[in-house]
Amino acid sequence: MTPNPFLPPHADVADKAALPPQAPPAVRRACRLVVASMFLGLVTLVPGVAAPSPEDAQVPVFITLAIVALFGGVTIWLVFAVHRGAPWARWALLAYLALGWVLSGMQFMDEFLRSPVSGMIEVVCIAMEFAACGMLFFGSGAAWFAALARVRLAARTGR
């Protein structure tokens, strides 16, 4: 049978699940806060800002730079993944930051007594990170990640 040339072409006109727009301002602000906290925390590595403990061993500069590059790279990678809306990234960022909070909290009083400036910088950094996590898990940040999850589920199930 020959197709009828007068019939209109067939096209799937069902609404596809539209991707939510780019990251909302709260998510962008949270990402900026985490990066700013990272750079503010680097100030504590400047000689004279943080007083070293007498029992601390001298660490060569290249090892310090390698550690800063490693953890800075992980932070930037997680922030970019959060900004792109990766579903696992905000949880990974929360766990990563929380581990830092626990580790810095264990030595906070000693550090604060040795160098109040360094201790205050640490408090400000933790407050910035805590606020960033609040923006990611509540309000428009949480709504955006939930919308992304619905779109991904709809794409997987074909609905």
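The values are calculated or read from the model by the stated rules, or taken from the named source; none is laboratory data. Given the structure is predicted, the values throughout are model-derived calculations rather than measurements. We place every Cβ from the backbone using ideal geometry, glycine too, and count neighbours over all the protein chains shown.
Details
- Residue pairs whose Cβ atoms lie under 8 Å apart, separated by 6 or more positions or on different chains, with the first residue in the range 30-49 and without any contact (Cβ under 8 Å) to a residue 24 or more places away in the chain and the second surrounded by 13 or more Cβ atoms within 10 Å (Cβ to Cβ) and not basic (Lys, Arg), are LEU45/VAL68.
- Test: LEU153 is within 29 Å of GLN22 (Cβ to Cβ), assigned to a helix (DSSP H, G or I) and either touching a Cys at 6+ places or on another chain (Cβ under 8 Å) or modelled with pLDDT under 90 (or both): yes
- Set THR75, THR157, THR64: member being surrounded by 12 or more Cβ atoms within 10 Å (Cβ to Cβ) and of a type in the set (Val, Ile, Thr): THR75
- For the range 112-137, the candidate set comprises residues that are in contact (Cβ under 8 Å) with a residue 24 or more places away in the chain, part of a helix (DSSP H, G or I) and more than 19 Å from the chain's Cα centre (by Cα); within that set, the residue that is farthest from LEU93 (Cα to Cα) is ARG114.
- Selection of the range 127-139 for residues being under 18 Å from PRO21 (Cβ atoms) and surrounded by fewer than 16 Cβ atoms within 10 Å (Cβ to Cβ) yields only GLY139.
- Of the residues making up the range 45-73, those that are modelled with pLDDT of 85 or more and in contact with a helix residue (DSSP H, G or I) (Cβ under 8 Å, 6 or more places away or on another chain) are VAL68, GLY72.
- Looking only at the range 17-39, and only at residues there that are surrounded by 10 or more Cβ atoms within 10 Å (Cβ to Cβ) and farther than 30 Å from TRP101 by Cα, the one that is modelled with the lowest pLDDT: ALA17
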